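The structure appears below as structure tokens.
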Amino acid sequence: MTAAAKLREKISYLSALIDDNRTGAGERQAAESARARVAAALAKAEPEQRAAWEPWFTGAKYRATQGLPANGQLTRLIRDDLKLAVKMARATAGPGAVALAGDPFATMPASVKFSVTTPHYGSVRIKIAGIPEEWGYRTEVDRPYPGVNRVYREALVRLSEAVHEIANAYNYDNSDIQSDYFCKRYYLSVTDETGCSLPQSMSYRYEEH
């Protein structure tokens with residue numbers, strides 16, 4: 001392991017300590033100071049790196065919830081955000097109301113439900129269940145192997161994209177895939193009721209009919 005890799009490992013450890021709600025105020029402050037020092041050392045080891053520890057991606061709500069761990073309180077916040085999105089969509093879709101253009105929650109069938117869990121520390125899983133086939137996907141036989149695949153329709157892909165965006169509002173990401181360095185507040189997975197991962201963006205080639 002290179003010196004830079006060891007420094008990144010220390011930053012990951014300190015970041016997890018800072019985000020753990022069991023960490024006391026004094027210890028968190030010490031960890032934040034230590035992370036700044038390690039980040040400065042990493043900048044010297046790799047001059048192209050930022051001097052201050054600043055992830056390349058931070059969600060809009062990360063700073064306000066920085067001390068919460070990726071379980072318990074944080075999953076409740078994500079769950080509440082999803083409930084609010086559904087409530088707003090239904091309110092604007094009522095008689096005499098004007099639905100927000102492009103709101104995927106507005107076209108979501110009433111049977112669709114969300115569950116937010118933490119299978120283990122540093123992981124958030126959102127399951128979208130109750131998806132009607134005619135709205136969300138079509139099935140096709142997987143050839144030459146036995147089995148059935150789901151080809152997702154545009155409405156479900158747009159909903160999945162919105163769910164990813166809501167959940168990642170509390171996340172940060174400082175990973176560098178080229179150097180096999182992974183550093184996130186939590187790893188997010190959004191699945192259907194069968195456990196299959198749903199697309200993160202509209203770049204997925206969805207079924208149009």
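The values are calculated or read from the model by the stated rules, or taken from the named source; none is laboratory data. The structure displayed is predicted, hence computed values, not measured ones. Here the Cβ is made from the backbone with ideal geometry for all residues, glycine too, and neighbour counts use every protein chain on show.
Tell me, yes or no, whether segment 150-165 has at least one residue that is at pLDDT below 90 and not basic (Lys, Arg). The answer is yes; a qualifying residue exists.
Quick one: in segment 63-86, which of the residues that are modelled with pLDDT of 90 or more and not aliphatic (A, V, I, L, M) is surrounded by the most Cβ atoms within 10 Å (Cβ to Cβ)?
Filtering segment 63-86 for residues modelled with pLDDT of 90 or more gives 75-86.
Filter once more, so that each one left must be not aliphatic (A, V, I, L, M): 75-76, 79-81, 83.
Details: THR75: 22, ARG76: 12, ARG79: 16, ASP80: 11, ASP81: 17, LYS83: 11.
So the residue we want is THR75.
Looking across segment 149-180, the residues that are farther than 25 Å from LEU82 by Cα and either in the same structural domain as ASP19 (by TED's automatic domain parsing) or over 18 Å from the mean Cα position of the chain (by Cα) (or both) come down to ASN149, GLN178, SER179, ASP180. In segment 107-129, the qualifying residues are those that are at pLDDT below 90 and small (Gly, Ala, Ser), and the one that is farthest from ALA89 (Cα to Cα) is GLY122. As a summary of the residue check, TYR206 satisfies the conditions (1) modelled with pLDDT of 80 or more; (2) under 13 Å from GLY136 (Cβ atoms); (3) surrounded by fewer than 19 Cβ atoms within 10 Å (Cβ to Cβ) except for the one numbered (1).
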